[in-house]
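The next block holds one structure in the form of structure tokens; read it before the comments.
The values are calculated or read from the model by the stated rules, or taken from the named source; none is laboratory data. Everything numeric here is computed off the predicted structure, so don't read it as measured data. Positions of Cβ are generated from backbone atoms using ideal geometry, with glycine treated the same way; all protein chains shown enter the neighbour counts.
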């Protein structure tokens, strides 16, 4: 079975993929992919593969490219896994000579305090597709460039690690979701359900949905609006409920009746 993740190798996505492999009842070939949208597209094409994607960070919040790529597809969420994020800064030169720092935009945001305290205001911050891609790009740069990412990735490239655990908030985690088109037969009790829906464009329409959650004592733990991409000014709502689908079937059935559009994204559990 092919398991796609946001590459290149050495990303936090690869770490989450390795954790997920233990819960899939098949041997998996881990394959790095260049973008989130490409991961979803590859999984959407075949029943014989899966993908793992970042969906939420404890500091920066939702990963919108994952949500926007997921709900139009035929993929379902099968599990989620939390990965602790501990950034380091590394390069081929010396820390005092660094004039440019490369990383994924979220990693740069998560290390703002460290950057301000250790470099002057002329430091050049450069975005990359992933933290591992940032480290790999240093091969083509001079020694005034550094990158931020995981220590595992930095050590694999024999980089000089200047400082470790540089994130502004030490308890930093990213939630990843395991997706596939077919059931992976993971024998665990589902504890979370994700749906996407669209209501009528009138006052009180969303409130009616929220009242249904209250009526059935269902705890709505996340709600996000995203453009429908079909009509300008029309939005879909992504919602997470802290119970498995089997425990909230009545609520979901009633919610669907009040929606113009409704789709189950998955009912799943947390990989430990």
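Of note:
- In summary, residue 213 fulfils each of the numbered conditions (1) touching a strand residue (DSSP E or B) at 6+ places or on another chain (Cβ under 8 Å); (2) surrounded by fewer than 16 Cβ atoms within 10 Å (Cβ to Cβ); (3) under 24 Å from residue 257 (Cα atoms) with the single exception of condition (2).
- Residue identified as touching a strand residue (DSSP E or B) at 6+ places or on another chain (Cβ under 8 Å) and under 22 Å from residue 156 (Cβ atoms) among 21, 63: 21
- Residues of the stretch 231-246 classified as farther than 16 Å from residue 71 by Cβ and either buried (at least 17 other Cβ atoms within 10 Å of the Cβ) or modelled with pLDDT of 95 or more (or both), total: 3
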